[in-house]
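J.: Dropping the structure in here first, questions after.
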Amino acid sequence: MTSNPSMAQAQQVLQDVFGYTAFRPGQERVVRTILKGDQVLAVMPTGAGKSLCFQIPALVQGGLTVVVSPLVALMEDQVSALQLAGVAAETMNSSKSSFENAATWNKVRAGQLRLLYISPERLMMPSTLESLQEIPITRFAIDEAHCVSRWGPAFRPEYLELQQLNDLFPGVPVAAFTATADDVTRKDIVAKLFQNNGQCFVAGFDRPNITLAVDIRDNARKQLLNVVKGHPGESGIVYCLSRKNTEDVAKFLWKNGVHALPYHAGMPQDERTENQNIFMTESGVVMVATIAFGMGIDKPDVRFVVHNNLPANMESYYQELGRAGRDGQAAEAYMVYGLKDIVLRRQFIENEDSETDHKRREHKRLDALVAYCEAPTCRRRTLLAYFGEDSTPCGNCDVCLNPPELEDGSLLAQMLLRTIVDTGQRFGGVHVIDVLRGSDNARIKQFNHQKITTYGAGKDMDKKMWNAIIRQLVSAGFLKIDITGYGGLFLTAAGEGLLQGETEFFYRKDKIRQATQTTTSSRRKTQEVIDADVDVELLAALKALRTQIAKKKRLKPYLVFSNKSLVDMAARKPQSPEEFEEVFGVGKAKLQKFGKPFMEAIERFL
């Protein structure tokens with residue numbers, strides 16, 4: 001085992017093994033702290049290079065680093081990438097035969113591995129723990145660490161057992177990593193995994209390359225198609241709330257000429273696996289999925305993520321949109337939602353089998369997401385503020401690009417609130433709007449609501465505008481929805497004050513974004529990055545070669561070389577091994593494995 005590990009050694013590993021000349025922002029201080037032997041929680045945005053923060057110390061210090069990861073596909077991908085880089089890494093999981101897993105254990109016992117990837121369920125089996133306690137372990141690295149916290153967006157009970165590691169393996173440090181954790185979740189992770197004896201690094205949550213946009217649901221299918229058609233030939237993910245909707249939307253996109261595939265937990269396992277493999281290995285595929293498709297999806301060139309419904313909370317939304325633009329190129333996150341989404345999400349929370357305090361926290365998390373959706377100022381500022389970051393207007397969200405006009409809606413709000421009070425604060429938005437607009441229907445007559453003072457007073461405004469005002473009154477805290485009843489609206493203390501004229505209410509008119517309004521600018525930004533110094537024909541030839549090699553070796557293309565590596569290759573046009581090793585992301589092992597065919601392709605092109 002290397003004695004007195006240093007950052008100089010880490011820098012050498014970074015360059016020789018992984019082909020990078022410098023650490024990304026936030027990586028170096030995490031690596032330095034891990035090399036000191038301290039326990040660490042690192043919160044880093046998707047695409048910031050969390051894995052390198054434990055992989056490099058594993059190679060510098062030697063011994064065995066046990067990596068806890070939640071998904072087989074994620075483990076397989078990371079191990080394949082490490083093996084291609086010449087690193088002694090393996091995984092034990094349910095997809096491998098008992099013979100293969102036994103062979104991996106033999107390597108562990110012989111001290112031949114530097115990284116062993118394993119699921120939390122398998123790790124915490126008594127037989128696994130007993131075997132590992134006989135082996136000198138340098139460190140445990142826990143990926144997707146937010147799963148350990150009940151306050152996180154994706155709590156998994158099997159992750160909670162990991163809090164025993166400090167007692168079972170005294171003196172073996174733990175490093176934990178996640179892209180998604182607010183302050184409460186971070187404190188909970190540190191308490192559970194480190195008994196509060198560890199450092200926490202937050203490298204920032206901003207993903208400036210992703211354009212953020214939210215629309216009110218008007219014609220969801222048309223709105224979705226506008227976004228997808230704005231990214232011709234590009235990969236994307238569309239999140240839907242239900243399995244049925246997932247199937248229906250995939251069929252709708254397919255009929256409209258889009259290579260779309262469904263993915264949800266109700267599908268046969270082999271069909272899910274096949275669809276995921278197609279999405280991961282081919283370009284221009286759109287995956288329509290429930291949240292069953294998510295954690296660990298490491299496809300770098302996803303150009304857009306669409307939420308067809310309101311996500312569960314800010315953390316889930318951030319994690320899901322983070323699957324776009326992992327290569328650093330321009331991407332888009334687009335969401336449509338309506339008042340029904342809020343009602344449904346509130347009902348989901350209330351129907352959970354959990355404590356009152358947990359439900360209260362989840363309602364607060366949902367409040368924050370609704371406020372983000374209704375934000376009259378920069379969306380990115382609202383998103384980052386939730387995670388405790390200050391920022392200036394981003395210039396890359398729909399609000400910055402097309403600022404909304406705010407209008408004084410105090411009188412309209414008072415008219416609506418009065419109607420809610422006079423009808424007994426037990427009816428939903430549809431009935432309240434019908435009363436305001438003077439509808440002549442049986443339900444109004446049944447309750448004699450044609451006799452209240454505001455009946456017909458709002459007939460000059462259409463239903464969409466009244467819906468917008470109700471939604472914004474809910475998001476601003478003037479109204480609440482009775483989730484335990486039938487979705488009736490009732491006034492909060494703030495709403496009582498607004499009704500009495502003690503405060504003001506400003507609202508914005510809903511503007512449905514026109515087709516490709518922001519996606520065009522996103523594509524232009526991506527093209528500028530490539531066109532600046534690169535011969536596009538050579539880049540296309542290198543991509544074709546990569547696809548050919550990947551198919552032959554049964555690898556995902558980005559595991560051979562990333563898009564960024566190919567762009568740099570097409571700019572540098574290396575013709576010798578020394579020149580090729582200077583290309584971004586090319587270490588010594590990849591030079592040896594793949595250098596020759598790519599240099600030959602460049603020579604033919606020249």
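The values are calculated or read from the model by the stated rules, or taken from the named source; none is laboratory data. As the structure is a prediction and not an experimental result, all values here were calculated from the model. Cβ placement follows ideal geometry from the backbone for every residue including glycine, while neighbour counts extend to all protein chains displayed.
J.: Name the single residue that is surrounded by the most Cβ atoms within 10 Å (Cβ to Cβ) among those in the stretch 446-460 being more than 13 Å from LEU412 (Cα to Cα) and among the polar types (S, T, N, Q).
T.: Among residues in the stretch 446-460 that are more than 13 Å from LEU412 (Cα to Cα) and among the polar types (S, T, N, Q), the one surrounded by the most Cβ atoms within 10 Å (Cβ to Cβ) is GLN450.
J.: When residues of the stretch 203-216 are filtered for being at pLDDT below 90 and either touching a Phe, Trp or Tyr at 6+ places or on another chain (Cβ under 8 Å) or acidic (Asp, Glu) (or both), how many remain?
T.: Matching residues across the stretch 203-216 total 3.
J.: Moving to a separate point now. In the stretch 71-102, which residues are assigned to a loop (DSSP other than H, G, I, E, B) and crowded, with 20+ Cβ neighbours inside 10 Å?
T.: Hits for the stretch 71-102 are ALA85, VAL87, ASN93.
J.: Further question on the same structure: Kindly provide the set of residues from the stretch 536-557 that are surrounded by 13 or more Cβ atoms within 10 Å (Cβ to Cβ) and not in a helix (DSSP H, G or I), ordered by number.
T.: Answer for the stretch 536-557, where residues must be surrounded by 13 or more Cβ atoms within 10 Å (Cβ to Cβ) and not in a helix (DSSP H, G or I): LEU555, LYS556.
J.: Right, here's the next one. Only one of (1) more than 23 Å from the chain's Cα centre (by Cα); (2) crowded, with 20+ Cβ neighbours inside 10 Å is not met by GLU355, so which one is it?
T.: (2)
J.: Could you please find all residues in the stretch 347-358 being farther than 18 Å from ALA181 by Cα, part of a helix (DSSP H, G or I) and at pLDDT below 85?
T.: THR356, ASP357, listed by residue number.
J.: Taking only pairs six or more apart or across chains, which ones have beta-carbon atoms under 8 Å, a first residue in the stretch 15-35 that is over 18 Å from ALA175 (Cβ atoms), and a second residue that is hydroxyl-bearing (Ser, Thr, Tyr) and part of a helix (DSSP H, G or I)?
T.: Correct list of pairs: GLY19/SER565.
J.: Note down all Cβ pairs under 6 Å where the first residue falls in the stretch 304-333 and is free of Cβ contacts under 8 Å to residues at least 24 places away in the same chain, the second is surrounded by fewer than 24 Cβ atoms within 10 Å (Cβ to Cβ), and they're at least six residues apart or on different chains.
T.: Qualifying pairs under 6 Å: none.
J.: List the helices (runs of 4 or more DSSP H) that sit entirely inside the stretch 147-207 and contain at least 3 residues that are surrounded by fewer than 16 Cβ atoms within 10 Å (Cβ to Cβ).
T.: On the way: elements: 157-160, 165-168, 183-194.
The qualifying helices (runs of 4 or more DSSP H) are 183-194.
J.: Of everything in the stretch 126-137, what is hydrophobic (A, V, I, L, M, F, W, C) and either touching a residue at least 40 places away in the same chain (Cβ under 8 Å) or within 15 Å of THR104 (Cβ to Cβ) (or both)? Give them in sequence order.
T.: If the condition is that a residue be hydrophobic (A, V, I, L, M, F, W, C) and either touching a residue at least 40 places away in the same chain (Cβ under 8 Å) or within 15 Å of THR104 (Cβ to Cβ) (or both), then LEU132, ILE135, ILE137 are the ones that fit.
J.: For the stretch 373-385, how many residues are part of a helix (DSSP H, G or I) and either among the basic types (Lys, Arg) or surrounded by fewer than 20 Cβ atoms within 10 Å (Cβ to Cβ) (or both)?
T.: Summing the residues that are part of a helix (DSSP H, G or I) and either among the basic types (Lys, Arg) or surrounded by fewer than 20 Cβ atoms within 10 Å (Cβ to Cβ) (or both) in the stretch 373-385 gives 5.
J.: Looking at the stretch 449-463 only, could you name the residues that are of a type in the set (Asp, Glu) and assigned to a helix (DSSP H, G or I)?
T.: Across the stretch 449-463, there are no qualifying residues.
J.: Same structure, new question: Right, THR290: at pLDDT below 85, in the same structural domain as ARG381 (by TED's automatic domain parsing) and out of contact with any strand residue (DSSP E or B) (no Cβ under 6 Å at 6 or more places or on another chain) or not?
T.: Numbers: at pLDDT below 85: no; in the same structural domain as ARG381 (by TED's automatic domain parsing): yes; out of contact with any strand residue (DSSP E or B) (no Cβ under 6 Å at 6 or more places or on another chain): yes.
Against the criterion (at pLDDT below 85, in the same structural domain as ARG381 (by TED's automatic domain parsing) and out of contact with any strand residue (DSSP E or B) (no Cβ under 6 Å at 6 or more places or on another chain)), THR290 does not qualify.
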